[in-house]
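This report refers to the structure that appears directly beneath it.
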Amino acid sequence: MAKIAIMGHGVVGSGVAELLWNNRETVEKNALEPVSVKRILDLRSFPKLPYADQFTTDVNDILQDNEITIVAEAMGGVNPAYEFVSDCLKRGKSVVTSNKELVAQKGAELLALAAKENVNFLFEASVGGGIPIIHPLHKCLTANRINGIMGILNGTTNFILTSMYQKGMSFDDALKMAQELGYAEREPSADVDGHDTCRKICILASLAYGKHIYPQYVHTEGIRHVTPEDIAYAESWGGTVKLIGSVKPLPNGKLALMVCPMLLPNSCPLAPISDVFNGVLVKGDATGDVMFYGRGAGKLPTASAMVGDIIDAVKHHATIPTLHWAECGENPTEPFEDIPAAFYFRVNTRGKLPREVRGFELLKRDHAPDDEKAFITRVMPDSEATRLSTALEDAGVAVCSRIRLADFGD
Ligand code: HSE
């Protein structure tokens with residue numbers, strides 16, 4: 001009998017407890033032994049639950065209990081999760097987590113600690129909720145050189161952008177609707193300013209390229225500045241706007257990472273992914289494009305990934321060596337200013353567009369005011385797009401929007 005503990009009984013932690021309880025026969029069959037929850041750490045009590053007796057407010061009831069061999073951490077945030085997880089690993093307990101902030105900030109250190117103690121630190125649930133993406137990257141796809149990963153990794157922003165696209169809503173109205181439906185937090189910054197996507201692409205990049213990519217290395221933009229006008233131009237161009245986290249290895253050995261809204265052509269497999277769904281496109285040199293799609297958040301999808309990891313930890317007490325990356329040493333990322341792309345611009349001008357714009361593809365949309373123009377540049381580094389922006393402003397052209405075109409070619 002494997003005895004486990006759950007830290008945190010919020011949305012995800014309660015899902016883990018519920019899934020282990022409701023699916024106990026399936027879990028036992030797949031784990032090859034019964035799995036029972038001995039303790040659940042939370043400040044609240046839940047007297048109506050069938051496992052109400054297992055609740056505790058004292059972390060030592062978990063740390064000091066030698067019968068508990070696996071701990072599912074679902075508290076979120078770096079502190080105190082980092083201290084609790086480190087203590088569990090040092091005491092020879094495997095840890096399973098959905099906490100992307102913890103993995104993105106402390107992954108290399110916690111993986112090394114788990115390896116030292118010969119236990120596991122598993123985090124399938126930290127990226128893509130119920131979508132299997134961590135296992136494929138360190139197991140099934142390891143024969144490939146990974147030529148890039150692009151993902152819609154945040155359900156909240158995808159819901160907002162989908163509402164703007166389908167209903168012509170403004171960002172503010174779409175955010176309000178997402179909040180009313182319970183998709184967006186009252187304080188939505190982690191989602192709408194791109195930080196959540198950043199943590200997730202850092203985890204995928206660290207795993208795919210073997211060195212820890214810290215979120216602070218990654219250029220991160222959110223979607224607050226995207227307007228229905230931009231989305232209308234994207235549509236008339238034959239595409240859409242999505243918040244994308246991406247990583248690509250460069251010939252100079254650096255990694256090009258970024259999180260920003262991007263214009264995707266409808267031919268991109270990520271373009272049709274709508275509402276709260278997530279999608280990850282992995283480009284293997286042998287496989288070609290591989291797409292992962294599903295529910296990237298929510299109680300049971302995320303719990304499904306955590307319980308899958310719990311079952312893995314029951315079956316593999318010793319460290320699974322393939323799930324590993326090292327500290328990075330020097331910053332391995334390419335400066336964002338040097339990363340090239342074509343750019344969409346939307347500008348306002350009463351006069352003609354200046355000569356800097358000559359040769360660029362002009363876009364149209366219905367009901368555009370006379371003084372509005374939009375165009376797509378040739379491929380240029382971000383720094384050159386910034387210089388173009390300044391030159392336009394100097395020529396009396398107001399730059400309203402600038403969005404990168406996704407580079408999903410080989
Ligand atoms: N806030 C996240 C999202 C939850 O919207 O995708 C899952 O990480």
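The values are calculated or read from the model by the stated rules, or taken from the named source; none is laboratory data. All of these numbers come straight from a predicted model, not from anything done at the bench. Virtual Cβ from ideal backbone geometry, glycine too; neighbours counted across all protein chains shown. The protein model used for the area step is the full one, side chains on, heavy atoms only, and it has no ligands, DNA or RNA in it. Shrake-Rupley method; radii C 1.70, N 1.55, O 1.52, S 1.80 Å.
Which is charged (D, E, K, R) and in a strand (DSSP E or B), of 378, 402?
The unique qualifying residue is 402.
Given the criterion surrounded by fewer than 18 Cβ atoms within 10 Å (Cβ to Cβ), in contact with a Ser or Thr (Cβ under 7 Å, 6 or more places away or on another chain) and closer than 26 Å to residue 255 by Cβ, identify the matching residue among 326, 286, 342.
342
Can you spot a residue in segment 205-217 that is within 11 Å of the ligand (Cβ to nearest atom) and either at pLDDT 95 or above or under 26 Å from residue 326 (Cβ atoms) (or both)?
No, segment 205-217 contains no residue that is within 11 Å of the ligand (Cβ to nearest atom) and either at pLDDT 95 or above or under 26 Å from residue 326 (Cβ atoms) (or both).
Any idea which residue in segment 169-191 is farthest from residue 223 (Cα to Cα), counting only those that are open to solvent by 40 Å² or more (accessible area, probe 1.4 Å), part of a helix (DSSP H, G or I) and within 13 Å of the ligand (Cβ to nearest atom)?
Selected residue: 179.
Looking only at segment 128-164, which residues are in a loop (DSSP other than H, G, I, E, B) and either open to solvent by 10 Å² or more (accessible area, probe 1.4 Å) or away from the ligand (no atom under 15 Å from the Cβ) (or both)?
130, 132, 141, 142, 143, 144, 145
Among the residues of segment 223-278, which ones are open to solvent by less than 50 Å² (accessible area, probe 1.4 Å), over 15 Å from the mean Cα position of the chain (by Cα) and within 16 Å of the ligand (Cβ to nearest atom)?
Matches in segment 223-278: 274 only.
Any residue in segment 275-284 that is out of contact with any Gly (no Cβ under 7 Å at 6 or more places or on another chain) and of a type in the set (S, T, N, Q)?
no
Hey, does segment 192-204 have a residue that's more than 12 Å from the ligand (Cβ to nearest atom) and β-branched (Val, Ile, Thr)?
Among the residues of segment 192-204, at least one is more than 12 Å from the ligand (Cβ to nearest atom) and β-branched (Val, Ile, Thr), which makes the answer yes.
Is one or more of the residues making up segment 291-300 away from the ligand (no atom under 16 Å from the Cβ) and out of contact with any Phe, Trp or Tyr (no Cβ under 6 Å at 6 or more places or on another chain)?
yes
Tell me which residues, restricted to segment 87-98, are open to solvent by 10 Å² or more (accessible area, probe 1.4 Å) and not in a loop (DSSP other than H, G, I, E, B).
Result: 87, 90.
Looking at (1) open to solvent by less than 60 Å² (accessible area, probe 1.4 Å); (2) in a helix (DSSP H, G or I), can you tell me which one residue 69 breaks?
Failed condition: (2).
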